[in-house]
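K.L.:
So that we are looking at the same thing, I have put the structure below in structure tokens.
The values are calculated or read from the model by the stated rules, or taken from the named source; none is laboratory data. These numbers come from a predicted model, not from an experiment. Here the Cβ positions follow ideal geometry from the backbone for every residue, glycine too, while neighbour counts run over all protein chains shown. Ligands, DNA and RNA are excluded from the accessible area calculation, which covers all protein heavy atoms including side chains. Shrake-Rupley method; radii C 1.70, N 1.55, O 1.52, S 1.80 Å.
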Amino acid sequence: MRQRATSVDEVKQKIAQLKGKNLSVAVNRGRKKVTKLSGVIVELFPSVFTFRAAAGDIVSFSYSDVICGDIVFREATGKR
């Protein structure tokens with residue numbers, strides 16, 4: 001089934017709601033390479049947002065990466 005088209009403004013609003021929450025992120029790097037990170041969204045900018053991984057690294061992503069499905073967010077739970 002085809003997904004509904006999402007605008008950049010809708011993605012910005014959803015990411016703004018997730019700011020400050022513990023998240024796990026799956027990043028599709030291409031050629032069957034998926035990087036999984038856990039951390040928090042730190043800052044929101046007009047074209048990109050920054051994510052601080054649990055290891056302390058800061059990574060920036062564009063909103064178009066979320067629209068394309070290259071980045072998938074899940075709220076982290078305390079359970080293991």
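K.L.:
Any idea which of (1) in contact (Cβ under 8 Å) with a residue 12 or more places away in the chain; (2) among the hydroxyl-bearing types (Ser, Thr, Tyr); (3) open to solvent by less than 50 Å² (accessible area, probe 1.4 Å) is the one residue 47 doesn't satisfy?
P.N.:
Unmet for residue 47, out of (1) in contact (Cβ under 8 Å) with a residue 12 or more places away in the chain; (2) among the hydroxyl-bearing types (Ser, Thr, Tyr); (3) open to solvent by less than 50 Å² (accessible area, probe 1.4 Å): (3).
K.L.:
I've got another one for you. Could you list, in sequence order, the residues of the range 56-80 that are of a type in the set (A, V, I, L, M, F, W, C) and either in contact with a strand residue (DSSP E or B) (Cβ under 8 Å, 6 or more places away or on another chain) or open to solvent by less than 80 Å² (accessible area, probe 1.4 Å) (or both)?
P.N.:
58, 59, 61, 66, 67, 71, 72, 73, 76
K.L.:
With the condition kept exactly as written, say whether any residue in the range 22-36 is open to solvent by 90 Å² or more (accessible area, probe 1.4 Å), on the phi > 0 side of the Ramachandran plot and either at pLDDT 90 or above or more than 12 Å from the chain's Cα centre (by Cα) (or both).
P.N.:
Looking through the range 22-36, at least one residue is open to solvent by 90 Å² or more (accessible area, probe 1.4 Å), on the phi > 0 side of the Ramachandran plot and either at pLDDT 90 or above or more than 12 Å from the chain's Cα centre (by Cα) (or both).
K.L.:
Okay, moving on. Hey, among the residues in the range 40-58 that are more than 10 Å from the chain's Cα centre (by Cα) and assigned to a strand (DSSP E or B), which one's farthest from residue 23 (Cα to Cα)?
P.N.:
So the residue we want is 48.
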